[in-house]
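The values are calculated or read from the model by the stated rules, or taken from the named source; none is laboratory data. Small disclaimer: the values here were computed from a predicted structure and weren't measured. Because the Cβ atoms are built from the backbone with ideal geometry, glycine has one as well, and the counts that use them run over all protein chains shown. These accessible areas exclude ligands, DNA and RNA; they are computed on the full protein's heavy atoms, side chains included. Shrake-Rupley method; radii C 1.70, N 1.55, O 1.52, S 1.80 Å.
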Amino acid sequence: MKKTILAALLPAMLVAGTAQAASVYQGEDGSNVDVFGRLGFNVHNRTSGDNTDGDMRGSFDNRLGFGGSQTINDQMSVIGWAEYQIGAAEGSNNNKAKDSFTARYVWAGVDMGNMGKVTGGRVASGLIMATDIADVFASSDVNLASQASVINTNATQVFRQDDTIQYQNSFAGFDMSAAYIVGNERLKNGYNLALRYTLDMGNAGKLAPVVGYQRNTAEDNVKDDANNTLDKNDFWVVGTRYYFNDLMLGAVYSEDKVSYIGNVDESKDKGYELTAVYDFQNDWVVRGGYRDYKKTSGSTTDSKMKDWTAEVQYKLTDRSSIFTSYVKRDGEDTAQAKDAKYDLNQDYYNVGLRYEF
């Protein structure tokens, strides 16, 4: 089995944001400082808020991260990581300057060796073990738990949330994570749990099933945009990856529900995604996927999305590549078409270059 596929089997939830980092300092006691960077440019015709006509547009995908560890003793160390999404324009040229330097992960904690890790801040949630099953394309959006920010407004994704205290460990083929979300002005509190087991089947490959759950509870009398009083948000997910030589297959099913106080229909997302990644000739990777999502309020279908995605990537170096993808989309937004973030019935392409260091 190739290193590229084996790398995907590593417990990424324990090192998310640092797996590709380069060590720039190594102390005699084992302490280290790491740096990570990603610079990318994409050309696409995806309809969005600033591209209502679906014309060709350019976009940047630039990140900078740094962190490391300091040794306490032969079993424990202090660890931390900060990673930011960076806009390409200077503030004077960018009317969205407030969004030009945005935290993805900012956390600190203690690595206790075999006893696990405790981290706090804007951590990489253990739920990333499930969302990563679907998040395999160089340029695509993660749709799982799309309602996570209704109550917890700083949850850009369900696996990136502020004010989280998390414990993680790996043992006997299991990767586990448990977290408590302290809360903020809209969120009273929350918690999530995730568990993955990697089964080595010898010549038949490896199977890695995952389950995860999160609940966020709203503060009293918090309203949504429609002036309904929020109660809680529940998300659960089950999925698996299968690895065989240079092939990786994935399947994931999830439900994401926001409930309200009073006689108001709950808002529920449910759907599934299938993915395939094949790495061949060391330099080429092909990916394919299908996803089917539906959003309902009571018995009414608000929106639905069905995507077929195909992508080809060529590795210029071990860390940098060019890629192109095409998404065939068949969906509709029956309730809020004017407010939809994307056109749910538009096919689109993407061509990009990514450089990492």
- Item | Residue check for Gly250: under 18 Å from the mean Cα position of the chain (by Cα) and open to solvent by less than 70 Å² (accessible area, probe 1.4 Å) | yes
- Those residues of region 192-201 which are of a type outside the set (Val, Ile, Thr) and either in a loop (DSSP other than H, G, I, E, B) or crowded, with 16+ Cβ neighbours inside 10 Å (or both) amount to Asn192, Leu193, Ala194, Leu195, Arg196, Met201
- Of all residues in region 295-326 being modelled with pLDDT under 90 and surrounded by 15 or more Cβ atoms within 10 Å (Cβ to Cβ), the one that is nearest to Ser146 (Cα to Cα): Lys295
- Query: If you check Ala179 against the conditions, is it buried (at least 17 other Cβ atoms within 10 Å of the Cβ) and touching a Lys or Arg at 6+ places or on another chain (Cβ under 9 Å)?
  - Reply: no
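Yes/no per residue for (1) out of contact with any Gly (no Cβ under 6 Å at 6 or more places or on another chain); (2) of a type in the set (D, E, K, R):
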residue	(1), (2)
Ala204	yes, no
Asp225	yes, yes
Lys232	yes, yes
Thr275	no, no
Gln281	yes, no
- Task: Give region 261-278 a look and list any residue that's modelled with pLDDT of 95 or more and open to solvent by less than 40 Å² (accessible area, probe 1.4 Å), or say none.
- Result: Glu273, Thr275, Ala276, Val277
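For every residue, the table says whether it meets (1) part of a loop (DSSP other than H, G, I, E, B); (2) open to solvent by less than 60 Å² (accessible area, probe 1.4 Å).
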site: Ala145; (1), (2): yes, yes
site: Gly190; (1), (2): no, yes
site: Asn203; (1), (2): no, no
site: Pro209; (1), (2): no, yes
site: Gly212; (1), (2): no, yes
- Message: For the structure I just gave you, tell me whether Val237 is closer than 29 Å to Thr153 by Cα, among the hydrophobic types (A, V, I, L, M, F, W, C) and open to solvent by 30 Å² or more (accessible area, probe 1.4 Å).
- Response: no
- Conditions: (1) in a loop (DSSP other than H, G, I, E, B); (2) modelled with pLDDT of 95 or more. Val238 meets all but one. Number of the miss? (1)
- Consider Val286 carefully, then state whether it is at pLDDT 90 or above, open to solvent by less than 30 Å² (accessible area, probe 1.4 Å) and within 30 Å of Asp246 (Cβ to Cβ). no
- Search result, residues across region 89-110 that are more than 25 Å from Ala155 (Cβ to Cβ) and either open to solvent by less than 60 Å² (accessible area, probe 1.4 Å) or modelled with pLDDT of 95 or more (or both): Ala89, Gly91
- For region 147-180, which residues satisfy the criterion of being part of a strand (DSSP E or B) and closer than 22 Å to Asp269 by Cα? Gln157, Arg160, Gln161
- Item | Lys304 in contact with a Gly (Cβ under 6 Å, 6 or more places away or on another chain) and basic (Lys, Arg) | yes
- Query: If we scan region 273-281, do we find a residue that is touching a Ser or Thr at 6+ places or on another chain (Cβ under 8 Å) and closer than 26 Å to Thr296 by Cβ?
  - Reply: no
- Item | Selection within region 124-143 - of a type outside the set (Asp, Glu), part of a loop (DSSP other than H, G, I, E, B) and within 19 Å of Ala194 (Cα to Cα) | Ser125, Gly126, Leu127, Val142, Asn143
- Task: Could you check, for region 25-45, whether at least one of its residues is modelled with pLDDT of 90 or more, more than 24 Å from the chain's Cα centre (by Cα), farther than 30 Å from Thr198 by Cα and open to solvent by 40 Å² or more (accessible area, probe 1.4 Å)?
- Result: yes
